[in-house]
């Protein structure tokens, strides 16, 4: 059970003036695509248009090549999970999961088999007889997922399903969602505002801003090659610099950034302003004499590396390092001055927005 | 989406059309006919007559007096309920709804039994003074009317004002205290501005109820005190349709104005209110001696006024004041058939009220949906249609139903369907309101979820929406039942002898020699039914029941 | 796990269908059992023939023979109202009348033009059983014909008022009632809503305008402070208040009340009648209650037969001790207790002082004036 989804120029303007689209997006059979964006970027609206709760004013929505805009939500073959799990409070866990099956008037025995199968898959067998107010938030999300999957939808829509959960639980469930999606091979559209969550679960990510998709690609593509400043800040490391190209020879650029000259790889005309981003792990701090002078604002230990926040030319720059010597020295230093260098090959020149 | 929306509009249209047929059409028919063709006095003659002017003046005067008195009596109670910590507070708060569900004619019996001739108070004073003749009668005439109105409305004021007090943020009061404001200044500058909207809202609601008051005035006022509603009744009876219609129009103008004020205030208060804040409370022991004394005297007096008549109903069911003996004859009469017997009215009451309740709920559900419709026009129209019966005299509705519906259909020989319709109309505002409150609380996502899980509109309604609405439906149904079984005005007007209900039987027995104990027994049955209804409301919805008011 | 472990979802359609079925069955059953069979419907007021020994069976006793003779069902519908309300109901139903005969329209009410609009004149063949004087007193056009009659006057409690305590009782005037001692002891009825109340008002107007030739409203303004709270909506309410309160001596009521009292107590009555006394004559208002044929009623022929039947002794002999009025059929022998009652022949009727035309023309104004004085 899977489906190929195409959104073509879907557009809608709301009474309050907010507008969505035009949105063009393709989701392949069995793929998990995430709509990622800050709140208000239109990702939930896009999802609700796919579900059929909101009708676009123009554009086409195809499931396996068939236009579904005139088909009501319940006939589109979708399963949906919301952030507020929206479990039916008047039913217990079993009845919640079996809801879609009962609506479709399945045989009682098949219903039980299917519910138990899903309960097993999601490890919630012991909850089946509980009332909704007797289960925890994480359990509720599992139940909601089981309920959405029960009728074997061809498309699964997940709207910030894990946002209300605490960090640890969220991480575990991300993995679960991915595992189950893979296991079932169901086409899935996932909405979230959290970059880490998107990267953890997605095959492909579409980044939304102000109602349009600004970039789509695999997590790696987005991380390594953000196209715009917005994507670089929202998805990548967030280090964005502006500078003037002084010299451009054979794909090597000399760029002046706030009176300092840095060397980048790339093509650009001499004399123009460019915007570029460098990932934190490609920024090297040291106490040596080479590189541009910066000040260290703070040091945050993270798993696998230390994040060093630097001040450069009035803006903050993130850097990742494992140079324990440097860290020790800077902790002892009074004025916290250091030098910063780029691994030149890793800079990405961004499109002007 | 569009297709199912059309179906939904159709479902909403049905109750609206029914309301049009059973309220607007009959009322407009009667009013227009009455004003244009009579028979009876023209609007000009009616307004010119000194009697009409006096009646309108008295109606407004007694309603104003009742409202002001209810406020004055109720405000201390609101402060006590909001600010004093004491045991059983939640029970007291819940019990405040009891008067509201008691039918007016039952309250009349309670008042006569408590404060009337040979009532409990009278008997107590008689035995103190060693007299065998009645010494005191507070239940008739002007005093009786105002007291009965206070009985009804003080709990309303207490509930509304104490709710407003509880929304007052304590920081405000505390900072005023820190800034050196004394008590009076704090009341003047902090409390008064804060509770002013609720005072005005409760005052206008009390005014509205008292302005429309019928059974109490009819039964306690004698011939000396007459209000617009009573005059409408008399004018119809005396076939002065012109005058009845003119009075009904005047009444409608006043009620619409007051209702408009009430809703304006309601909107104003909603925007300024702070819902979730802690209220500063004090324990009884923290009060000064003077305050303790005042609180105790006030509470006892209020308890006598409110609970006295309720207990007096029980007393009245077993005590025959004309013979001055305790007897079971009233209870026996409940099961008696024949003229004046209680069995037929009892069966009628139950049958009519149960069916009317069902109708009120079945119609209330789509109307509640319509009130929450995205279309402002539809929501407004629906609210107007639902609230209309509160502003139109039920006598006019009853007469309209007779002339416009019953007579052409030949139903006037056995008009019980009309009684059910009238009782449905009376219960509908409360049932629709309760259901609407429930509907407001439903998470839109849950409904979308049901849609995405493949439920049809019908399945979603029955498996998801109605179960979620169930508390609201139950509360609404119980309210509607209480209103229906206590309805007297329209039923009195429509009923033939085989159709009378307990409420009407009580009224008739009150006017007949030696029948007070029968009225008492019948009132007790109604009071018990309404008390059970109250318990049901409490169980289902806890403190939130008052929201439907 | 077993199937029964999980709760099963009930099909709402079945539940709804079941509820709808039950409701429909209940309503249908109620409708079936209460639906009126073909009947001759008589409209009257709530206390019609209600004061006898067997009010529950009186209809069967009195009208049963007629039902047998004509093979019809008679239903006496006692509307929960007074006589005015009957006319009001007939007006409301005038597009589609369901009643055939109306009983209880008195000689004041018939003066309302609206009353004649809902009735059809009919002169029964046996009308000769009734004295012409009564027919004329009610309605010479025969829209209604007399059924019973009696006097509306004051009654008083003999244990409180008698010739020893109050010598003026033997020749009572309105002026006597207005004295401080007696003014507060009177109970009366609202003339708008009650026929004895209206009769009392007309009595007073007749005396003051025609005998004393004074402004009639002055008496009411004198009485107002004491009387204001003692005006009741109807006779029943007034009687209840009067009976229950020893400090109320006088009641505007019927001349047959002492007979009624004697009948039930089987002893000397404790009430007596006080007609008014002017010009050495006794005066009281005569009320004649009539019955008439409803205009466009469904069964006019049987209605006519019913009116004739009601004039016969078969019905008239029950009037005295059930209705406590005098039967219009003069052949009927009265029960001995009626010795305690006062018969219209024993007094001058105040009706003779006011012509029908006068009443019809002035009634609305008089009522307005009364209202203005009394409030």
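With the simple model of a label 7 Å out from the Cα in the direction of the Cβ, residue C:229 to residue B:91 spans 3.8 nm.
Can you give the helix-only mean residue ellipticity at 222 nm for chain A, where every DSSP H stretch with n ≥ 4 adds -39500 (n - 2.57) and the sum goes over all residues, rounded to the nearest 500 deg cm²/dmol? Write out the running numbers ahead of the final one.
Details: 9 runs with 94 residues, N = 353.
That comes out to -8000 deg cm²/dmol.
For the range A:232-353, what relative contact order do you get, as a whole percent, if you take Cα pairs closer than 8 Å and at least 6 residues apart? Kindly include the intermediate steps, with their values, before the conclusion.
Values: 258 pairs, mean separation 34.1, N = 122.
28 percent.
Peptides A:170-180, A:145-155, B:123-133 ordered by packing proxy, namely the average of other Cβ atoms within 10 Å per residue, highest first: A:145-155, A:170-180, B:123-133. Semi-axes of the equivalent ellipsoid of chain C are 44, 28, 22 Å, computed as sqrt(5λ) over the eigenvalues of the C-alpha gyration tensor in descending order. Bridges between two residues of the protein assembly as shown, per DSSP, are antiparallel at a rate of about 70%.
Mean 1/r over all different Cα pairs, inverted: what Kirkwood radius does the range A:5-228 give, in Å? Taking the inverse mean of 1/r over all distinct Cα pairs, the range A:5-228 comes out at 18.0 Å.
Taking neighbour Cβ counts within 10 Å as the exposure measure, how do B:184, B:253 sort from fewest upward? Each step should come with its number before you reach the end.
Numbers: B:184 8, B:253 11.
Arranged by neighbour count, lowest to highest, B:184, B:253 become B:184, B:253.
The spacing between the range C:95-138 and the range C:273-308, judged by their C-alpha centroids, is 8 Å.
Summary of the geometry: the range B:361-383 and the range C:152-173, compared by the centres of their Cα atoms, lie 67 Å apart. Restricting the calculation to Cα atoms, every distinct pair contributes to the Kirkwood radius of the range C:49-178, found to be 18.3 Å. Under the simplified labelling scheme, the residue C:125-residue B:14 pair shows an inter-label distance of 5.8 nm, with each label point 7 Å from Cα along Cα→Cβ.
Per residue, the convex hull spanned by the Cα atoms of the range A:240-350 amounts to 98 cubic angstrom.
Ranking B:48, B:117, C:213 by Cβ neighbours within 10 Å, fewest first, what do you get? Before the final figure, lay out each step's value.
Values: B:48 11, B:117 21, C:213 7.
The fewest-first ordering by Cβ neighbours comes to C:213, B:48, B:117.
Quick one: in the range B:1-72, what % of C-alpha pairs are over 14 Å apart? So the pairs more than 14 Å apart make up 76 percent of the total in the range B:1-72.
The order of the peptides A:78-87, B:188-197 by mean Cβ neighbours within 10 Å, most packed first, is A:78-87, B:188-197.
Defining a contact as two alpha carbons under 8 Å apart and six or more residues distant in sequence, what relative contact order in percent does chain A show?
This gives 16 percent for chain A.
Which residues among the range C:105-139 fall inside the zone where the amide N is under 13 Å from a point 7 Å beyond the Cα of residue C:345, along Cα→Cβ? Hits in the range C:105-139 for residue C:345 at 13 Å: C:131-134. Both the radius of gyration and Dmax for the protein assembly as shown are 42.1, 145 Å, in that order, over alpha-carbon atoms.
Extension gain, residue A:333 to residue A:346, is 1.7 nm, computed as 0.36 nm per intervening residue step minus the present C-alpha separation.
Multiply the residue separation of residue C:373 and residue C:171 by 0.36 nm, subtract the distance between their alpha-carbon atoms, and state the gained length in nm to one decimal.
Working: separation 202, 0.36 × 202 = 72.72 nm, distance 2.67 nm.
Taking 0.36 nm per residue and subtracting the Cα distance, the gain is 70.1 nm.
For a label point 7 angstrom out from the Cα of residue B:192 toward its Cβ, which stretches of the range B:72-100 have the backbone nitrogen within less than 16 Å? Only B:72, B:75-76 fall inside the zone, counting backbone N under 16 Å. With a 10 Å cut-off around each Cβ of C:237-247, the average count of Cβ atoms from other chains is 4.
First measure r as the distance between the Cβ atoms of residue A:300 and residue A:182, then evaluate 1/(1 + (r/R0)^6) with R0 = 22 Å and state the FRET efficiency to the nearest 0.05.
On the way: r = 33 Å, r/R0 = 1.51.
So, using R0 = 22 Å, E works out to roughly 0.10.
What's the FRET efficiency of residue C:69 with residue B:332 using the Cβ-Cβ distance as r and R₀ = 45 Å, to the nearest 0.05? Write out the running numbers ahead of the final one.
Numbers: r = 38 Å, r/R0 = 0.85.
That gives a FRET efficiency of 0.75.
Normalised by the number of residues in chain B, the mean separation of alpha-carbon contacts (under 8 Å, six or more apart) gives a relative contact order of 23 percent.
Assuming R0 = 30 Å, can you tell me the calculated FRET efficiency for the pair residue B:131 and residue B:311, based on Cβ-Cβ distance, to the nearest 0.05? The value I calculate is 0.85.
With neighbour counts taken as other beta-carbon atoms within 10 Å, the residues A:43, A:242, B:440, A:279 rank, fewest first, as B:440, A:242, A:279, A:43. Each label point was placed 7 Å from the Cα along the Cα-to-Cβ direction; for residue A:210 and residue B:172 their separation is 4.2 nm. Distance from the alpha carbon centroid of the range A:8-65 to that of the range B:47-91 works out to 57 angstrom. Averaged over the residues of C:71-84, the number of partner chain Cβ atoms lying within 10 Å of the residue Cβ comes to 3.
Note: the range A:142-297, Cα convex hull, 171 Å³ per residue. Here chain B is treated as an ellipsoid with the same Cα gyration tensor; its semi-axes, largest first and in whole Å, are 35, 34, 24.
Here, each number is a calculation from the coordinates, and none is a lab measurement. Everything numeric here is computed off the predicted structure, so don't read it as measured data. Note that each Cβ is placed from the backbone with ideal geometry, even for glycine, and that neighbours are counted across all protein chains shown.
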